[in-house]
Amino acid sequence: MLTLSGRLALWEGFLPHWVDWMHKAAPDISLRLEIGFESDIMESLIEGTVDIGVMYTPTSRPGLVVEPLFDEALLLVASEPTEGWSDEGYIHIDWGPEFHAKFSDHHPDAPPPTLVANIGWLGVQQLLTYGGSGYFPKRLVRHYLEDGLLWQVPDSPQFKLPAYMVFPHDSESDSTTLKQALDGLRELAQAEQSRY
């Protein structure tokens, strides 16, 4: 059995492709799939209950490898073509401290948001149901933009949000299964990066 835990936003679109890849490449491997936040995933990696963590803001820990996968492009999108980030309906998604710092640098006079969410999916659902605007990974909102349900706010800055995989240092050389799983993530990440 191989256990992978990842952020919910990475389960939308990216990690399900890896599950399909693994079923084809290693059909005899049983997969355990989990959703978590960075602190929980890192703790599970340290405890050895998770083999691979896929997340946005990992912490460096002895015995663990932190390897970049791909960069998400965070776009400011809105439910109406005329809306922008400063509207009352702005939803601030907690994409981590790096995003918050970049956002604050670009929008130093922005009032405190009236709505903050820690999960991108929740923000997208709020946006689609009640309107507003927010920063989301292009990969997450691509089909809503194509279908005319959301619009990219013109002249708004885009931010990078790196996605990483984390795994025990010695395990890739010790386990053929884990090496195969990591190679699958690398291959799919390279394909994802080429879309930007």
Exercise for the section: State whether one or more residues within the stretch 159-176 are within 21 Å of the chain's Cα centre (by Cα) and over 30 Å from residue 25 (Cα atoms). Expected result: yes
Problem - Pairs with Cβ under 7 Å, 6+ apart, first in the stretch 29-40 and under 15 Å from residue 12 (Cα atoms), second loosely packed, with under 15 Cβ neighbours inside 10 Å - result: 33/19
Practice task
State the number of residues belonging to the stretch 153-175 that are in a loop (DSSP other than H, G, I, E, B) and aliphatic (A, V, I, L, M).
Solution key: 1
Handout entry: Residue check for residue 180: assigned to a helix (DSSP H, G or I), open to solvent by 20 Å² or more (accessible area, probe 1.4 Å) and touching a residue at least 40 places away in the same chain (Cβ under 8 Å)
Key = yes
Fill in the blank from the handout: Exactly one of 57, 49, 82 is β-branched (Val, Ile, Thr), in contact with a Gly (Cβ under 8 Å, 6 or more places away or on another chain) and open to solvent by 20 Å² or more (accessible area, probe 1.4 Å), and that one is 57
Practice task
Hand me the list of helices (runs of 4 or more DSSP H) wholly inside the stretch 1-86 holding 2 or more residues that are touching a strand residue (DSSP E or B) at 6+ places or on another chain (Cβ under 7 Å) and at pLDDT below 95.
Solution key: 8-11
Problem - Residue satisfying all of: in the stretch 132-152; in a loop (DSSP other than H, G, I, E, B) and open to solvent by less than 20 Å² (accessible area, probe 1.4 Å); nearest to residue 10 (Cα to Cα) among these - result: 150
Completion exercise
When residue 108 is run through (1) of a type outside the set (Gly, Ala, Ser); (2) modelled with pLDDT under 90; (3) touching a strand residue (DSSP E or B) at 6+ places or on another chain (Cβ under 9 Å), the failure sits at (3)
Problem - Filter result for the condition that a residue is among the β-branched types (Val, Ile, Thr) and within 12 Å of the chain's Cα centre (by Cα), over 35, 46, 41, 29 - result: 35
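The values are calculated or read from the model by the stated rules, or taken from the named source; none is laboratory data. Predicted model, so just to flag it, every value in this text is computed and none were measured. Cβ coordinates were reconstructed from backbone atoms using ideal geometry, including for glycine residues, and neighbour counts include every protein chain displayed. What goes into the accessible areas is simple: the full protein's heavy atoms, side chains included, and nothing from ligands, DNA or RNA. Shrake-Rupley method; radii C 1.70, N 1.55, O 1.52, S 1.80 Å.
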